[in-house]
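Undergrad: Shown below is the structure under consideration.
A short reminder: the numbers here are calculations on the coordinates, not readings from a lab. These numbers come from a predicted model, not from an experiment.
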Amino acid sequence: MSVDRAQRLFLLAMSLGLFPVALSYGAMPGESLPVLYGISDPDLPTRHVFRAVMGLYLGMICFWLAGVLRPDLRKPALWSVFVFVTGIALGRMLSIGLDGWPGPILVTYLFAEIALAGTSLILITRPPDRTGAARA
């Protein structure tokens, strides 16, 4: 598989994978937060924060989809994935150190974020294909 195709597929997969996560944070926080994170009856400030996080996720998803479609945005989009997942993973690790271990879903997110950071870095640093014939 060409580097270009791998980059596009990765950005598309990130977009599709994070879309339901984004919605779980903010579309209906009163219903989703108790089930997913044990936050019962979230108050107005809590719903506000989670909806803002949803907006951040949706904004990043739009940029990643632009990277799928526009070659000039592909590397910046990959860098934004790297920064996004690395920042979240570092925040989770800080929380584990300060607060202890969270529930299983959040630990799963941490491992996924570490893997995604590595994958995005690999795709950023791989040299582009040399020939036009390798593009698929």
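Undergrad: Regarding the chain, what are the three Cα extents along the principal axes, ordered largest first, in Å?
TA: Sorted from largest, the Cα extents of the chain read 57, 29, 18 Å.
Undergrad: To continue, here is another question. In whole angstrom, how far apart do the alpha carbon centroids of region 1-53 and region 60-136 sit?
TA: 15
Undergrad: Each residue of region 64-79 in turn: what ³J(HN,Hα) in whole Hz from Karplus with 6.51, -1.76, 1.60 and θ = phi - 60°, glycine and Pro shown as x?
TA: Here the 3J(HN,Hα) series is 5, 5, 4, x, 5, 8, 10, x, 5, 9, 4, 5, x, 5, 5, 4 Hz.
Undergrad: So what is the calculated 222 nm ellipticity per residue for the chain, using -39500 (n - 2.57) for each DSSP H run with n of 4 or more, over all residues, to the nearest 500 deg cm²/dmol?
TA: Rounded to the nearest 500, it is -28000 deg cm²/dmol.
Undergrad: Given springs between every Cα pair under 10 Å in a Gaussian network model of the chain, which of V49, V83, V68 has the largest fluctuation?
TA: Of the options given, V49 has the highest mean-square fluctuation.
Undergrad: Please determine, in degrees from 0 to 90 and to the nearest 10, the orientation of helix 3-26 with respect to the longest principal axis defined by the Cα atoms of the chain, where the helix direction is its Cα long axis.
TA: 10
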